[in-house]
Amino acid sequence: MSRYFILFALLACAFACGGGSGDLAEGGIGGSGISQGPITEFGSIFVNDIEWELDDAEIEFDGETVAIAGLNESEKTALFNLGMVVRVEGNAGTGQAERVFFDDEIEGPVSDLGDEIDVFVPFREFMVLGQRVRIEAGVTRFFDDNPVGGEPDFGFDTIVDGDVVEISGLIDVDVDGVVRATYVERKGEFVPGQTEVELKGTVPADFVTGTMTFVLGSVTVEFDNTTDLSGLPREVVEPEMFVEVKGTLSGADVITATKIELEDDFGDDDGDADEFSMTGFVNGFTDIDAIFFVGNQKVELKVDVEFEHGNASMLANGRRIEVEGELILGTLIAEEIEFEDREVRVHAAIALEADLAGRVPPAEEDPSLFIPSFKLLGIEIRVFPSTRIESGLLETLVVGDFLEVRGIVNAQGVITASRVELKGGIDKIRLDGPVEQFDETTGQFTILGVPVFTDGTTTFEIDEPMGTPEGVSDSCFFENLNEGDFVEVR
């Protein structure tokens, strides 16, 4: 039986295998650069796969410059934590940072903490000063500024209402502006009238200059002649200013401001840069020929934009991507886009009765907490109320039913289904997902734990994201294959 393979996002592979001058994108254009996103690892600091050295860099935390003269490299990196969303300016070619900025999204007490919900990856949501925040197991980094008894005991499972937290993350406009937290630090417990808080927002258009009260979301801000307004033009609060308020929370939703300053959102830049890379969630997207936004950054695609771990058809509002290109007059001209939330697909038949065992809860489990599931090709697939189910119901499935499943895979190889469709008859098996391991000498690789074999009857293609798939040899295919690359198998 012949098999059919497509390796996405290796645009120049045909040239690399068969002549021509094309090269795979390695990142890094050189010259002036800006990189904005969560810190993912240390060496110096890594942001969007670029390692930035901190020698002689100016470091600014929440508007205050930090003195680093005399500090060694490890002492400099100790100023940061994993998950902090930072903006780095410097030389993208050498990786030398000139300036590093960190400013949290919000700081205040946790309220309305929700239970764990296993959708995509396990997550919980809560409110901080009227702002909805989402924490995700395996994604959000947790730190404790004041651990009880000297031992950190703060994280996804132990956070509670009343914890005062500092949040850094990415705003998902497509989900009602929720902050998808990449970094959460516990500052202590809430004490009314004493706990210091920080909140950003736009002063209402109907605010009357000279009055001493305005509302940001659901929170009332009160200030007086003792409030520090030196960070505002003319030291006056005016309508439609985007501000950061610092103060104490005197009630559930009233801040007594000690400082109000103009907030210069580092996600909205009007300057130019040879290289600009950022991580965020897509919003305002209509089609690939139109301008859209990542966070609040305006993005326009180059005609020859390259895609990693997907192609142009996967661009959609709410998707988390890393985008890289040139910043011109405030618009990011995208040269490369990497999908960071990867949709996988499985088309296969229910093979065994055991594959359906997960549809009902075990006798000892609370049915209200049970998540129904089934298996295809040995892969566990979980079904939630949000899953779109077409042409049938989960409880009516039987051995031999052929299904098409789409969803997101977690680190344990479990798929959270966004769509399940019962097909009318047996169709070709199809498997789309990231390559976990491969052996080019045997022509074997693994996707979602499923071994895939190739032989002389196998056809190999490499997909140009905005063009026609290119037929290649098996050696070309494996020469350019890397772990993590998305492959479609039929």
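What the table shows:
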item	result
Single residue of the stretch 346-365 satisfying the filter (in a loop (DSSP other than H, G, I, E, B) and farther than 15 Å from L394 by Cβ) that is most open to solvent (accessible area, probe 1.4 Å)	E364
Selection count, the stretch 283-298, where residues are in contact with a Gly (Cβ under 8 Å, 6 or more places away or on another chain) and open to solvent by less than 50 Å² (accessible area, probe 1.4 Å)	5
Residue within the stretch 176-196 that is outside any strand (DSSP E or B), without any contact (Cβ under 8 Å) to a residue 60 or more places away in the chain and closer than 29 Å to N283 by Cα present	yes
Residues within the stretch 197-235 that are open to solvent by less than 50 Å² (accessible area, probe 1.4 Å) and part of a loop (DSSP other than H, G, I, E, B), tallied	8
Residue match in the stretch 6-16 (condition: β-branched (V, I, T), open to solvent by less than 40 Å² (accessible area, probe 1.4 Å) and modelled with pLDDT of 85 or more)	no
Subset of the stretch 28-38 that is modelled with pLDDT under 90 and surrounded by 15 or more Cβ atoms within 10 Å (Cβ to Cβ) - its residue that is nearest to the chain's Cα centre (by Cα)	I34
Top-ranked residue of the stretch 164-196 - restricted to ones that are over 21 Å from the mean Cα position of the chain (by Cα) and of a type in the set (G, A, S), ranked as most open to solvent (accessible area, probe 1.4 Å)	G193
Strands (runs of 3 or more DSSP E) completely within the stretch 49-95 that count 3 or more residues being closer than 19 Å to S35 by Cβ and either of a type in the set (S, T, N, Q) or open to solvent by 30 Å² or more (accessible area, probe 1.4 Å) (or both)	58-61
Selection status of L394, modelled with pLDDT under 85, in contact with a helix residue (DSSP H, G or I) (Cβ under 9 Å, 6 or more places away or on another chain) and under 21 Å from E353 (Cβ atoms)	yes
Cβ-Cβ under 6 Å pairs, at least 6 apart or on other chains, the stretch 282-297 side at positive phi, far side assigned to a loop (DSSP other than H, G, I, E, B)	G295/G267
Lone qualifier among E275, E343, E308 - being within 20 Å of F46 (Cβ to Cβ) and within 17 Å of the chain's Cα centre (by Cα)	E308
Within the stretch 371-455, strands (runs of 3 or more DSSP E) holding 2 or more residues that are open to solvent by less than 30 Å² (accessible area, probe 1.4 Å)	373-376, 379-382, 402-409, 415-422, 430-439, 444-447, 450-452
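The values are calculated or read from the model by the stated rules, or taken from the named source; none is laboratory data. Quick caveat: nothing in here was measured; it's all calculated off a predicted structure. Because the Cβ atoms are built from the backbone with ideal geometry, glycine has one as well, and the counts that use them run over all protein chains shown. Calculation scope for accessible area: heavy atoms of the full protein, side chains included, ligands and nucleic acids excluded. Shrake-Rupley method; radii C 1.70, N 1.55, O 1.52, S 1.80 Å.
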